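Have a look at the structure below, then the notes.
The values are calculated or read from the model by the stated rules, or taken from the named source; none is laboratory data. Since the model is a prediction, treat every value here as computed from it, not as a measurement. Every residue, glycine as well, gets a Cβ built from its backbone with ideal geometry; the counts of neighbours run over all protein chains shown. When the accessible area is computed, the model is the full protein with side chains, heavy atoms only, and any ligands, DNA or RNA have been set aside. Shrake-Rupley method; radii C 1.70, N 1.55, O 1.52, S 1.80 Å.
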Amino acid sequence: MARPCRIFTGTSVIPSSFLGCRPRPYRVYAPLMKSAVVRVQFVTRPFDPASRQIRFGHGASCPGHAGLRGPDTGAWAGRTLDEVSAEEPAAVQRWLTEPDYAPPGGESVTALIARVGAALAGLAPGTHRVVVDQAVVRAGVVHALELPAAAFWRLDVRPDTVTTLSGRLGRWNLQLGRPLDTP
């Protein structure tokens with residue numbers, strides 16, 4: 001006969017039967033504990049002159065991890081935010097507030113999150129250290145923590161830092177903004 005689980009609340013003990021919980025056998029947790037760990041270390045690129053001008057990127061590649069390339073900004077690539085805002089203020093406003101809106105010929109924030117999430121799901125066990133754009137780190141965190149897509153714009157990612165996602169069986173943990181190790 002299984003011993004009832006009890007919850008300790010300071011000085012009193014509440015039998016778990018009052019709360020509807022039951023002790024779980026080890027076999028329920030065994031697959032999670034025995035599965036291989038995937039660790040992804042996102043290293044953000046340092047600010048370059050284009051980043052300092054808030055210039056839209058061209059979807060910078062990530063060697064060995066095609067799904068972790070930078071966002072595709074389509075017709076806006078290579079232009080500054082000020083230039084695009086002057087010509088298409090409504091489009092920029094939609095892009096910043098509607099996760100499903102995509103720049104002309106580009107991909108939406110929702111599509112970026114889905115692409116990065118699929119790349120994370122396809123990684124082999126072990127540690128993967130990848131140098132990526134800040135947007136890829138945001139997308140990875142939104143996917144891993146199952147946040148709404150609108151949270152993408154609420155995450156600030158500092159350049160020259162390491163953000164680590166680690167997990168198993170699709171369950172991720174997050175370590176934010178550790179300084180970049182000096183070789």
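Here are a few things to note about the model shown:
- Rolling a 1.4 Å probe over the protein heavy atoms leaves Thr163 with an accessible area of roughly 10 Å².
- Near Asp181: Cβ cut-off under 14 Å, other residues only, Lys/Arg at +1 and Asp/Glu at -1. The net charge is +1.
- Cα→Cβ-extended label distance, 7 Å offset, between Ala114 and Arg158, nm: 3.4
- Residue-span extension gain [Glu87 to Ala60] - 0.36 nm each, minus C-alpha spacing: 7.3 nm
- Just so you know, the Cα atoms of segment 99-183 work out to an Rg and Dmax of 13.1, 41 Å.
- With each label modelled as a point 7 angstrom along the Cα→C-beta vector, the Gln175-Thr80 pair spans 3.9 nm.
- Mean shadow area of segment 39-183 over all directions, Cα convex hull, nm²: 8.5
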